[in-house]
Each structure stands twice: as C-alpha cells, then as structure tokens.
Amino acid sequence: SKQQLVFTASADKTAKVADYKSGETLMTFTGHDAEVWCVVFAMLKTRTGKMPALFTGAADGSIKQWEVESGECIKTFEGHRDAVRCLTVEDTQGLLFSGDVEGIIITNIFYVTYSSASGGYGAGMN
C-alpha cells in the first residue's frame, strides 16, 4: 500500500511531512523567516506529467514553493502585506490562491515570479 503523509505548519518557522501511521517526521522544510501558518500539497499538472509540490504561507506574508522529495525551496512569492492565513491550489491551471486579512491573491505558479526591482509580480519563469 502507498504511504500516507501528513504535512504540517509550525510556529518554529518550518513545515514538516510525517508518516500518517507512525507519526515519524520524514522531512523538515526550513527557510521561512517567520512562523509558518498554512501549508498545501498539490500534484501540479505539467506538460510531462504530474509534479508534487508543497506551498507554505508565513506570518511575514511570504509563500514558498518546495520540491517535495529534496526539501529544497524552489520559489518564493511575496506580495501579501500581512500573514498568509490560507492557501489552496487549482492544479490543472497552476493557480495558487493565497489569503490574508485584506483579501486574496491569485498567482499563476508556472508563469509568475516576484521581482523586487519592479515592486510586484511580473511575467517570466523563476
């Protein structure tokens, strides 16, 4: 049978993945500068198949995309002015919905990157 996994967010600025049955921590995702408040796992549809992805939202308004098998942060999204409190993914279009107390930001995961020089989101690949 396939292993069942649980993804968690934590005040220690990490997210973790654990085995559902044993509770054993299998990997810790580190890199946020503030408490991690929400986490979502998705199987993103790509041209070549499906890609597992983990997204975490933090108290500093940042969102990180993680490569699930290596634990490497592959992209950081910025734009929220308050803590990211919720995340969900629409996997067929590659849309990431993130919410804070002011509202929702919709991001195309595959075609949008954050540029600090332009002060906001812009087209391109990261």
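Per-structure values
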{"read-out": "Filtered residues of the range 55-77 (kept if touching a residue at least 12 places away in the same chain (Cβ under 8 Å), farther than 14 Å from Lys13 by Cα, open to solvent by 50 Å² or more (accessible area, probe 1.4 Å) and part of a loop (DSSP other than H, G, I, E, B))", "value": "Glu69"}
{"read-out": "Flag if Leu44 is in contact with a strand residue (DSSP E or B) (Cβ under 8 Å, 6 or more places away or on another chain), among the aliphatic types (A, V, I, L, M) and open to solvent by 40 Å² or more (accessible area, probe 1.4 Å)", "value": "no"}
{"read-out": "Filtered residues of the range 1-37 (kept if polar (S, T, N, Q), in contact with a strand residue (DSSP E or B) (Cβ under 8 Å, 6 or more places away or on another chain) and open to solvent by 80 Å² or more (accessible area, probe 1.4 Å))", "value": "Gln3, Gln4, Thr30"}
{"read-out": "Scope the range 84-105; condition crowded, with 18+ Cβ neighbours inside 10 Å and either in a loop (DSSP other than H, G, I, E, B) or under 10 Å from the mean Cα position of the chain (by Cα) (or both); matching residues", "value": "Val84, Leu87, Val89, Gly94, Leu96, Ser98"}
{"read-out": "Which numbered condition Lys50 fails, given (1) touching a Gly at 6+ places or on another chain (Cβ under 6 Å); (2) open to solvent by 50 Å² or more (accessible area, probe 1.4 Å)", "value": "(1)"}
{"read-out": "Positions within the range 4-21 being in a strand (DSSP E or B) and of a type in the set (A, V, I, L, M), in sequence order", "value": "Leu5, Val6, Ala9, Ala15, Val17, Ala18"}
{"read-out": "Odd one out for Arg81 among (1) surrounded by fewer than 16 Cβ atoms within 10 Å (Cβ to Cβ); (2) in contact with a Lys or Arg (Cβ under 8 Å, 6 or more places away or on another chain); (3) of a type outside the set (A, V, I, L, M, F, W, C)", "value": "(2)"}
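The values are calculated or read from the model by the stated rules, or taken from the named source; none is laboratory data. The structure presented is a predicted model; accordingly, all values stated were derived computationally and were not measured. Because the Cβ atoms are built from the backbone with ideal geometry, glycine has one as well, and the counts that use them run over all protein chains shown. In case anyone asks, the SASA skips ligands and DNA or RNA and just uses the protein heavy atoms, side chains included. Shrake-Rupley method; radii C 1.70, N 1.55, O 1.52, S 1.80 Å.
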